[in-house]
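The values are calculated or read from the model by the stated rules, or taken from the named source; none is laboratory data. This is a predicted model, so every value here is computed, not measured. Glycine gets a Cβ as well: all are built from the backbone with ideal geometry, and neighbour counts include every protein chain shown.
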């Protein structure tokens, strides 16, 4: 069992249960692409020591996330730029009208018309300015979503294109309300900081993703101007474990993908997918361990076909089983305090109930201290308090953390309801391609690839990986063999498998040639 870092007081919650198990915090609405964006913001603030621990902060790190109010305002709070560009007005009149309209939408955070006067000198014409807006906006994440404009994000083309999620009220006051940047990216940063090869990855990312002279970053800089930062540095979230094999696997996968012969911007798509898969595994692995289950997490995957009904049913059962582990972990974690030596030793002190209430407060930051105890929790029987905390923690868990398995598995293309009434694991082509790029250096025998996918990510596809299921008579070997053949045919169609004969196939990475770390 890995060493656990002492949890600091978390003032934004009434009690700490999810936080004790997974950290502060994993969040269902922060999907993998937002997690990676938040991670890059923390990294960009620590380029002098990328993915190195801050020894004086007890496992946390400090960072100053960029705000870039001008850039995001120009991209996502600027609906009239196209109509002005398409008009027959003279160039000078276009600029005049646009500055006037843009000033009406200012928030008072360095984004008034006078604050962006430099744009007139940065672009040779208003039409060029409009085309730059269109180019960056078209590359953004969720540009057509109904999210508030301050929660839309440009593609991370470089350091000037990175900024945090913000909520801005009618008076222009800014706050990070932790809905879309909920600290999950901060946890990813801490995970990679604690990986064995974290420093190596940090140097590689600093060299390849933070090049200010890259053309698209220069365009973002031309729009934004001087970066906008908060006055005070921020402390990152809390991650319980000092080490975990999953932290190392995320790091190894990032290093592998970044070594492939592809532009770093193309690699980001695969980094996001493989990060989402690994973070989902971290979530479920921690849940199973805390719930007292020692078996590895498995995803029984159907490779979608018209005749795969039995594999489909088994995959749906696998999905439901994994969906249930986090709730079991909540209950087990709270109730485990009754088995601790300190709980038994409390029987020997003068006021055992008071001692056990103190133990509860130290473990879960609950019940509240007397001056905040409106419900009179502190005067109740400690065993009743344990049961009460379970009753409080389960509904809170179900609101967001309990939805992570469902939302993240859909987001990365691992789960689907296609041809089925319920969700099951049915990986899509994009995820399969990312898995191939992460696992396969040049080429790998197909069956070896399946075994490695099972070892790294718990993917059960063929009869060899699903031998336990065959032995338990949950499914026939022939049906899993057909599922394996369906995957092979699908990867052939994607250009990722070459058949040399009926019994010999190789998975091939189309980006096999490794590049130098400093590229």
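Could you tell me whether the stretch 237-251 includes any residue that is part of a helix (DSSP H, G or I) and at pLDDT below 95?
no
Which condition number in (1) crowded, with 19+ Cβ neighbours inside 10 Å; (2) in contact with a strand residue (DSSP E or B) (Cβ under 8 Å, 6 or more places away or on another chain) is the one that residue 235 fails?
Going through (1) crowded, with 19+ Cβ neighbours inside 10 Å; (2) in contact with a strand residue (DSSP E or B) (Cβ under 8 Å, 6 or more places away or on another chain) one by one, residue 235 breaks only (1).
Hey, among 68, 97, 121, which residue is under 30 Å from residue 211 (Cβ atoms) and free of Cβ contacts under 8 Å to residues at least 60 places away in the same chain?
121
Taking the criterion of being more than 25 Å from residue 183 (Cβ to Cβ) and modelled with pLDDT of 95 or more, would at least one residue in the stretch 268-289 satisfy it? Lay out the reasoning, then the answer.
Here is the first cut: in the stretch 268-289, the residues more than 25 Å from residue 183 (Cβ to Cβ) are none.
Scanning the stretch 268-289, I find no residue that is more than 25 Å from residue 183 (Cβ to Cβ) and modelled with pLDDT of 95 or more, so the answer is no.
Limited to the stretch 184-236, what total is found for residues that are in a helix (DSSP H, G or I) and touching a helix residue (DSSP H, G or I) at 6+ places or on another chain (Cβ under 9 Å)?
Counting residues in the stretch 184-236 that are in a helix (DSSP H, G or I) and touching a helix residue (DSSP H, G or I) at 6+ places or on another chain (Cβ under 9 Å) gives 29.
With the stretch 253-351 as the region, which helices (runs of 4 or more DSSP H) entirely inside it contain at least 2 residues that are surrounded by fewer than 19 Cβ atoms within 10 Å (Cβ to Cβ), on the phi > 0 side of the Ramachandran plot and touching a helix residue (DSSP H, G or I) at 6+ places or on another chain (Cβ under 7 Å)?
none
For the stretch 46-54, does any single residue satisfy the condition of being in contact with a strand residue (DSSP E or B) (Cβ under 9 Å, 6 or more places away or on another chain), outside any helix (DSSP H, G or I) and at pLDDT below 95? Step through it out loud before you land on a result.
Here is the first cut: in the stretch 46-54, the ones in contact with a strand residue (DSSP E or B) (Cβ under 9 Å, 6 or more places away or on another chain) are 46, 54.
Retained after the next criterion (residues that are outside any helix (DSSP H, G or I)): 46, 54.
Applying the additional criterion that residues be at pLDDT below 95 yields 54.
Checking the stretch 46-54: at least one residue is in contact with a strand residue (DSSP E or B) (Cβ under 9 Å, 6 or more places away or on another chain), outside any helix (DSSP H, G or I) and at pLDDT below 95.
For the structure I just gave you, tell me whether residue 202 is over 14 Å from residue 40 (Cβ atoms), surrounded by 20 or more Cβ atoms within 10 Å (Cβ to Cβ), touching a residue at least 40 places away in the same chain (Cβ under 8 Å) and more than 17 Å from the chain's Cα centre (by Cα). Working first, answer last.
Details: over 14 Å from residue 40 (Cβ atoms): no; surrounded by 20 or more Cβ atoms within 10 Å (Cβ to Cβ): yes; touching a residue at least 40 places away in the same chain (Cβ under 8 Å): yes; more than 17 Å from the chain's Cα centre (by Cα): yes.
So residue 202 does not fit the description; no.
Return only the number of the condition from (1) under 28 Å from residue 218 (Cβ atoms); (2) touching a residue at least 24 places away in the same chain (Cβ under 8 Å); (3) not in a helix (DSSP H, G or I) that residue 34 does not satisfy.
(3)
In the stretch 149-178, how many are part of a loop (DSSP other than H, G, I, E, B) and closer than 25 Å to residue 108 by Cβ?
Residues that pass the stated criteria total 15.
Quick test of your reading of the structure: residue 487 fulfils all but one of (1) under 22 Å from residue 281 (Cβ atoms); (2) in contact with a helix residue (DSSP H, G or I) (Cβ under 7 Å, 6 or more places away or on another chain); (3) assigned to a helix (DSSP H, G or I). Name the failing condition by number.
Failed condition: (2).
Hand me the list of helices (runs of 4 or more DSSP H) wholly inside the stretch 358-469 holding 3 or more residues that are crowded, with 21+ Cβ neighbours inside 10 Å, without any contact (Cβ under 8 Å) to a residue 60 or more places away in the chain and at negative phi.
446-457
Conditions (1) buried (at least 22 other Cβ atoms within 10 Å of the Cβ); (2) in contact with a helix residue (DSSP H, G or I) (Cβ under 7 Å, 6 or more places away or on another chain), marked per residue:
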| residue | (1), (2) |
| --- | --- |
| 29 | no, no |
| 50 | yes, yes |
| 53 | no, yes |
| 65 | yes, yes |
| 73 | yes, no |
| 91 | no, yes |
| 95 | no, yes |
| 110 | no, yes |
| 113 | no, yes |
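Results for (1) in contact with a strand residue (DSSP E or B) (Cβ under 6 Å, 6 or more places away or on another chain); (2) assigned to a loop (DSSP other than H, G, I, E, B); (3) over 30 Å from residue 9 (Cβ atoms), shown as yes or no for each residue.
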position: 102; (1), (2), (3): no, no, yes
position: 107; (1), (2), (3): yes, yes, yes
position: 116; (1), (2), (3): no, yes, yes
position: 130; (1), (2), (3): no, no, yes
position: 147; (1), (2), (3): no, yes, yes
